[in-house]
Amino acid sequence: MRNFYDVLQLLKEFDVYIHVGKRLWDIQMAALEIDNLYQADLLNDKQYAQIKLVLAHEHRLELIQNQI
């Protein structure tokens, strides 16, 4: 996992498609879905940690970009 697109592609493998309308909301919804997949034991610890780091980074970037 390197970016938000990679996370979305992984979610599609589980038939989870996200498009809420704003990129920030999409990132937040993806984080919730990743939490659900992890709790269902569909992701291992390493995958979960990497994905959460990517989502946190993308979330931070989106907040910074919206402040400008």
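The numbers here are math on the coordinates, done by the rules we state, and not lab data. Just so we're clear, the structure is a prediction, and the values are computed from it rather than from any experiment. Glycine also receives a Cβ, built like all others from the backbone with ideal geometry; neighbour counts cover every protein chain displayed.
Summary table below
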quantity: Degrees between helix 23-39 axis and first principal axis of the chain (Cα, 0 to 90, nearest 10); calculated: 20 degrees
quantity: Cβ-derived FRET efficiency at R0 25 Å, residue 6 paired with residue 41, nearest 0.05; calculated: 0.75
quantity: Cβ-placed point charges (K, R +1; D, E -1), dipole of the chain about Cα centre in debye, nearest 20; calculated: 280 debye
quantity: For the chain, the longest site-free run once trypsin sites (Lys or Arg not before Pro) in DSSP loop states with at most 16 other Cβ atoms within 10 Å are removed; calculated: 23-68
quantity: Between 0 and 90°, nearest 10: helix 45-67 axis offset from the chain longest Cα axis; calculated: 10 degrees
quantity: Cubic angstrom per residue, convex hull over Cα atoms of the chain; calculated: 73 Å³
quantity: Relative contact order of the stretch 4-67, pairs being alpha-carbon contacts under 8 Å that are 6 or more residues apart, as %; calculated: 36 percent
quantity: Cβ-defined net charge surrounding residue 28, 14 Å radius [Lys, Arg +1; Asp, Glu -1]; calculated: -1
